[in-house]
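This report concerns only the one structure given below.
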Amino acid sequence: MERFNPSPGDADLRAAEDLKCVEEVLAGRSERFRDLVLRYQNLVAGIAWRSGCKREDVEDVVSEVFFKVYRNLHQFRPDHPFSTWLYKLTANHLVDRSRRAKKERGRTEMPEQISDDAPGAQDGLELDERHVLVREALGQIDERYRESIHLVYVEGLKVEEAARLLGVPEGTVKTRLMRGREALKKVLTRKNPEHFKS
């Protein structure tokens, strides 16, 4: 999979390429849709992962989102970058998917992890458990903070790239990162003091 990594110099070029792909797909050249998928599949996967999707479900989410993108491509308006439209569509899809999952959830669920009594297994288990707790805590903070944290710390985008993708000033992203870290710390130390010290 190709990594989504826009640079400042080619943001306009990328937007123009995206618009051209969209127009060509709408004109009947459906094979051009592949370019959009290749360019943005990691972005969609990252959003899914950040929102709490299990690893084994991320690929399904990517497929579902791009199916939805293809069906709704005629609704895209070039007033904003394609990546922004895709980001919002993905976020909405994940909210809908989460609601459906809650309705369909059975009475019993398998635990996500089963203990392993092998020597050294506890260290890995604690680290895995901390990762799960952080992901759960991310789901409890303001969505604006969560988006910025994900784009900068998980996707590895620069602040200016995240700002461009979100359509906000760089200072706003920096503020959201700072407030997001503070909110995340509060959630983690309040709910899991044995793993996270204040």
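Take every Cα pair under 8 Å whose residues are at least 6 apart in sequence, average their separation, divide by the length of the range 9-67, and the relative contact order is 22 percent.
Converting phi to 3J(HN,Hα) with the Karplus coefficients 6.51, -1.76 and 1.60 and the offset θ = phi - 60°, the range 57-73 yields 9, 4, 4, 5, 4, 4, 4, 4, 5, 5, 5, 5, 4, 4, 5, 10, 4 Hz in sequence order, with x at every glycine or proline.
Please report the relative contact order for the range 120-192, taking Cα pairs under 8 Å with a sequence separation of at least 6, and give it as a percent rounded to a whole number.
Values: 43 pairs, mean separation 26.3, N = 73.
Value for the range 120-192: 36 percent.
Phi angles of the range 163-178 translate, via the Karplus equation with coefficients 6.51, -1.76, 1.60 and θ = phi - 60°, into HN-Hα couplings of 4, 5, 5, 7, x, 10, x, 4, x, 5, 5, 4, 5, 5, 5, 5 Hz per residue; Gly and Pro are given as x.
Loop-only GluC sites (Glu not before Pro) in the range 148-196, please: DSSP not H, G, I, E or B, and at most 12 other Cβ atoms within 10 Å.
Here the sparse-neighbourhood loop sites are GLU194.
Can you compute the charge dipole magnitude of the range 1-102 about its Cα centre, using +1 on each Lys and Arg Cβ and -1 on each Asp and Glu Cβ, nothing else charged? Give it in debye, rounded to the nearest 20.
On the way: 18 positive and 16 negative charges, 101 e Å.
The dipole of the range 1-102 has a size of about 480 debye.
Determine the relative contact order of the range 1-102: mean sequence separation of Cα pairs under 8 Å and six or more apart, normalised by residue count, in whole percent. Please list the in-between numbers first.
Details: 68 pairs, mean separation 29.4, N = 102.
Contact order relative to length: 29 percent.
Taken one residue at a time, the phi angles of the range 81-96 give Karplus couplings (6.51, -1.76, 1.60, θ = phi - 60°) of x, 4, 4, 5, 4, 4, 4, 5, 4, 5, 4, 5, 4, 5, 5, 4 Hz. Gly and Pro are set to x. No solvent, one uniform scatterer per C-alpha: report log10 I(q)/I(0) for the range 1-102 via the Debye equation at q = 0.24 1/Å, two decimals. Cα-only, vacuum Debye calculation for the range 1-102: -1.39.
Readers should treat all values here as calculations from the given coordinates under stated rules, not as data from a laboratory. This structure is a prediction, so every number in the text was calculated from the model and none was measured. Cβ coordinates were reconstructed from backbone atoms using ideal geometry, including for glycine residues, and neighbour counts include every protein chain displayed.
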